[in-house]
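Asks: Submitted below is the structure of interest, expressed as structure tokens.
The values are calculated or read from the model by the stated rules, or taken from the named source; none is laboratory data. Everything numeric here is computed off the predicted structure, so don't read it as measured data. Quick reminder, even Gly has a Cβ in these numbers, built from the backbone with ideal geometry, and neighbours come from all protein chains shown. Accessible surface areas use protein heavy atoms only, side chains included; no ligands, DNA or RNA. Shrake-Rupley method; radii C 1.70, N 1.55, O 1.52, S 1.80 Å.
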Amino acid sequence: MDISGKKEEKYEEDVHIGKEETKGEETKVTEESKEDVKKHNIGKKIAIILGSIVGVLAVVYFGFSFYFGSHFIFGTKINGTDVSMKNVSQVEDYMKRQVADYTLIIEKADGEEKIVGKEIDIEYLPSEELTKLVEKQEKFLWIRNLWEPVELKASVGVKYDKKALAEEIKELECMDKKRQKKSINAYPAFKNTKFEIVPEVVGTQINRKKFDAVVKESINGFQKKVNLSKEGCYILPKYVSDSKEVVKAAANMNSYLGAKITYDMNPKKEVVDASVISKWVKVNKKNMKVTFDKKAVRKYIEKLADKYNTKWTTRNFTTATGNKVKIDGGDYGWLINEEKEYEALTKDIKKGKAVTREPKYSSRAASHGEMDVGDTYAEVDLSRQKAYFIKNGKVVLESDVVTGNPNKGNATPQGMYSLTYKTRNAVLRGQKKKDGTYSYESPVKYWMPFNGGIGFHDASWQSSFGGNRYKSHGSHGCVNMPREKAAKMYELISDGFPVVCHY
């Protein structure tokens, strides 16, 4: 076996293979290099193009910046006139052309009026104002104006006859005070079930000082229109719908509507609720202060008193014998204390709660029925010379009496009274004389006054009672009774009980 020959063959194969691999790698490297060169060249071209674009944009941007050093930037308006891309001379030329036909349109809330330039001898006067506006522009930020237009105001230089302007303003319809309508404040008003805020009304009353200033500014700025509402030339309402004062006033007024005052006039009732209170609660539209309509509240209480007061009124009365009579006089009966009731009523309303009570009385009676004495009282029939005590509607005491002597001017007055007090073993005295003695002194066992010095009492000096004795042997006004009857009356009657005297 030739071992060496095989080894050589093997070596040649390895070398052959190695040469082929090396050749492949060289080819691969060459292709990758070409690709890199190609990409590099494209990148250079893009960079050159972008650089050119940026350069052009920079030239354009800074070119405009330079241009706007003497011209107005895009989207610039002066006093409402578009002056974009114009220089000062061009703007002034425009102004000069416009001044000959200048008219200021005054936009009112109810129409339009105008002030004609020729009527006030208007002239255009060049000034440095436009130049200053150009110089103040942020020319290097001009691009911002493309989405943020600029509105400038300036006195562009006009001259006019001030007296003529004053006359023109004077002749305007909006200056006629008869045509002007005052603004109305928002305020709470009752609707259906509660107080709601009525919106404010902007009127046409002119704020003259503001109006004159705005018109002059508009003419000096060469504006073509001026809107009086937008410029605040009208005297506006002090309070609007969402003013805290108005909202608070409405809340306060509605809180009062929760009150309900029920007057107990057994068996009748009177009710003061939201339907009534809403008419009394008022708001001062000038300062939003909530108050009560005092006159209206007092008027209600007066009507309540007229309906239920019985003191000092003529009343129907059914006597113990069943007769119907009319009685006036006396100090007995219902009498509402109107001043105290006003205070109590307004206080209850402010609390906003429901309450049932009686009115505040100065004088009370037993009943709100047709006969306010109720069913328990004393009665004196002056015509029949009888006295009675009625308890729970039934006569429990009847007595002949002797009343005041009418022939001596001492007639017992009719009327309704209440027992002042009662006492035992009193001495009734007449007028005191100069010597210290009295015109009369009458000891009695039972004394029950009801009308000043007039009252029930026993009278041992009377030999008889009833009939016509009172015309000849009548008292000084008191009701004389037999002792046993006086004792019974004393037992039945108490302080404050009604006493009815009638013919």
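Asks: I'm trying to understand the selection: among the residues of the stretch 415-463, which are in a loop (DSSP other than H, G, I, E, B) and open to solvent by less than 50 Å² (accessible area, probe 1.4 Å)? Steps first, please.
Replies: First pass over the stretch 415-463, keeping only residues in a loop (DSSP other than H, G, I, E, B): 419-422, 430-431, 433-437, 439-440, 452-453, 459-463.
Answer for the stretch 415-463, where residues must be in a loop (DSSP other than H, G, I, E, B) and open to solvent by less than 50 Å² (accessible area, probe 1.4 Å): LEU419, GLY430, GLY436, ALA459, GLN462.
Asks: Against the definition (surrounded by fewer than 15 Cβ atoms within 10 Å (Cβ to Cβ) and more than 13 Å from CYS478 (Cα to Cα)), how does LYS408 come out, yes or no?
Replies: So LYS408 fits the description; yes.
Asks: Can I ask one more? Taking the residues in the stretch 98-118 that are touching a strand residue (DSSP E or B) at 6+ places or on another chain (Cβ under 8 Å) and of a type in the set (A, V, I, L, M) as candidates, determine which candidate is modelled with the lowest pLDDT.
Replies: VAL99
Asks: Return the residues of the stretch 449-484 that are out of contact with any Pro (no Cβ under 9 Å at 6 or more places or on another chain) and β-branched (Val, Ile, Thr); say none if nothing qualifies.
Replies: VAL479
Asks: Which ones in the stretch 188-201 are open to solvent by 50 Å² or more (accessible area, probe 1.4 Å) and either touching a residue at least 40 places away in the same chain (Cβ under 8 Å) or among the charged types (D, E, K, R) (or both)?
Replies: If the condition is that a residue be open to solvent by 50 Å² or more (accessible area, probe 1.4 Å) and either touching a residue at least 40 places away in the same chain (Cβ under 8 Å) or among the charged types (D, E, K, R) (or both), then PHE190, LYS191, THR193, LYS194, GLU196, ILE197, PRO199, GLU200 are the ones that fit.
Asks: Name the residue that is most open to solvent (accessible area, probe 1.4 Å), counting only residues in the stretch 464-478 that are of a type in the set (Gly, Ala, Ser) and outside any loop (DSSP other than H, G, I, E, B). Lay out the reasoning, then the answer.
Replies: At the first step, the residues of the stretch 464-478 found to be of a type in the set (Gly, Ala, Ser) are 464, 466-467, 472, 474-475, 477.
Remaining after also requiring outside any loop (DSSP other than H, G, I, E, B): 472, 475.
Values: SER472: 69, SER475: 14 Å².
Top of the filtered list is SER472.
Asks: Let me ask another. Which residue pairs have Cβ atoms closer than 8 Å, lie 6 or more positions apart in sequence or on different chains, and pair a first residue in the stretch 380-395 that is at positive phi and in contact (Cβ under 8 Å) with a residue 60 or more places away in the chain with a second residue that is in a strand (DSSP E or B) and buried (at least 19 other Cβ atoms within 10 Å of the Cβ)?
Replies: What qualifies is GLN385/VAL402.
Asks: Considering the stretch 116-147 alone, what residues qualify as being among the small types (Gly, Ala, Ser) and touching an Asp or Glu at 6+ places or on another chain (Cβ under 8 Å)?
Replies: GLY117
Asks: Output the residues belonging to the stretch 52-79 that are part of a helix (DSSP H, G or I) and either among the hydrophobic types (A, V, I, L, M, F, W, C) or closer than 11 Å to ILE143 by Cα (or both).
Replies: Listed by number, the residues that qualify are ILE53, VAL54, VAL56, LEU57, ALA58, VAL59, VAL60, TYR61, PHE62, PHE64, SER65, PHE66.
Asks: Out of GLU123, GLU171, which single residue is open to solvent by 100 Å² or more (accessible area, probe 1.4 Å) and under 26 Å from GLY80 (Cβ atoms)?
Replies: GLU171 is the lone residue from the list that is open to solvent by 100 Å² or more (accessible area, probe 1.4 Å) and under 26 Å from GLY80 (Cβ atoms).
Asks: So, one more: Of the residues that make up the stretch 480-491, is at least one more than 23 Å from GLY393 (Cα to Cα), in a loop (DSSP other than H, G, I, E, B) and out of contact with any strand residue (DSSP E or B) (no Cβ under 7 Å at 6 or more places or on another chain)? Give the steps one after another, and end with the answer.
Replies: Here is the first cut: in the stretch 480-491, the residues more than 23 Å from GLY393 (Cα to Cα) are 480, 482-483.
Remaining after also requiring in a loop (DSSP other than H, G, I, E, B): 482.
Add one more test, that the residue is out of contact with any strand residue (DSSP E or B) (no Cβ under 7 Å at 6 or more places or on another chain), and what stays is none.
Within the stretch 480-491, none of the residues are more than 23 Å from GLY393 (Cα to Cα), in a loop (DSSP other than H, G, I, E, B) and out of contact with any strand residue (DSSP E or B) (no Cβ under 7 Å at 6 or more places or on another chain).
Asks: Which residues, counting only those in the stretch 345-375, are of a type in the set (A, V, I, L, M) and surrounded by 16 or more Cβ atoms within 10 Å (Cβ to Cβ)?
Replies: Across the stretch 345-375, the qualifying residues are LEU345, ILE349, ALA365, ALA366, MET371, VAL373.
Asks: Looking at the stretch 80-101 only, could you name the residues that are under 15 Å from GLY221 (Cβ atoms) and part of a helix (DSSP H, G or I)?
Replies: Scanning the stretch 80-101 gives VAL91, GLU92, TYR94, MET95, GLN98, VAL99.
Asks: For the stretch 243-252, check the following and say yes or no: at least one residue is in contact (Cβ under 8 Å) with a residue 24 or more places away in the chain, crowded, with 20+ Cβ neighbours inside 10 Å and in contact with a helix residue (DSSP H, G or I) (Cβ under 7 Å, 6 or more places away or on another chain).
Replies: Scanning the stretch 243-252, I find no residue that is in contact (Cβ under 8 Å) with a residue 24 or more places away in the chain, crowded, with 20+ Cβ neighbours inside 10 Å and in contact with a helix residue (DSSP H, G or I) (Cβ under 7 Å, 6 or more places away or on another chain), so the answer is no.
Asks: Name every residue in the stretch 276-291 that is over 16 Å from LYS194 (Cα atoms) and open to solvent by less than 30 Å² (accessible area, probe 1.4 Å), in order of residue number. Don't jump to the end; show me each part of the working.
Replies: Taking the stretch 276-291 and keeping what is over 16 Å from LYS194 (Cα atoms), we get 284-289, 291.
Within the stretch 276-291, MET288 is the sole residue that qualifies.
Asks: Then there's this: Considering LYS182, LYS177, LYS159, which residue is open to solvent by 40 Å² or more (accessible area, probe 1.4 Å), touching an Asp or Glu at 6+ places or on another chain (Cβ under 7 Å) and not acidic (Asp, Glu)?
Replies: On the way: LYS182 fails: touching an Asp or Glu at 6+ places or on another chain (Cβ under 7 Å); LYS177 fails: touching an Asp or Glu at 6+ places or on another chain (Cβ under 7 Å).
Matching residue, one of LYS182, LYS177, LYS159: LYS159.
Asks: Is it the case that the stretch 292-305 has a residue that's touching a His at 6+ places or on another chain (Cβ under 9 Å) and at negative phi?
Replies: No, that holds for no residue.
Asks: Now a separate question. Which one is nearest to the chain's Cα centre (by Cα) among residues in the stretch 102-120 that are surrounded by 14 or more Cβ atoms within 10 Å (Cβ to Cβ) and in a loop (DSSP other than H, G, I, E, B)?
Replies: My answer is ALA109.
Asks: Restricting attention to the stretch 362-395, and to residues there that are part of a loop (DSSP other than H, G, I, E, B) and acidic (Asp, Glu), which single residue is modelled with the lowest pLDDT?
Replies: My answer is GLU370.
Asks: Could you please give the count of residues in the stretch 73-91 that are within 27 Å of VAL214 (Cβ to Cβ), surrounded by fewer than 19 Cβ atoms within 10 Å (Cβ to Cβ), touching a helix residue (DSSP H, G or I) at 6+ places or on another chain (Cβ under 8 Å) and not small (Gly, Ala, Ser)?
Replies: 1
Asks: Would you confirm, using the coordinates I've provided, whether ASP331 is open to solvent by 50 Å² or more (accessible area, probe 1.4 Å), assigned to a loop (DSSP other than H, G, I, E, B) and touching a strand residue (DSSP E or B) at 6+ places or on another chain (Cβ under 8 Å)? Steps first, please.
Replies: Working: open to solvent by 50 Å² or more (accessible area, probe 1.4 Å): yes; assigned to a loop (DSSP other than H, G, I, E, B): yes; touching a strand residue (DSSP E or B) at 6+ places or on another chain (Cβ under 8 Å): yes.
In short, yes.
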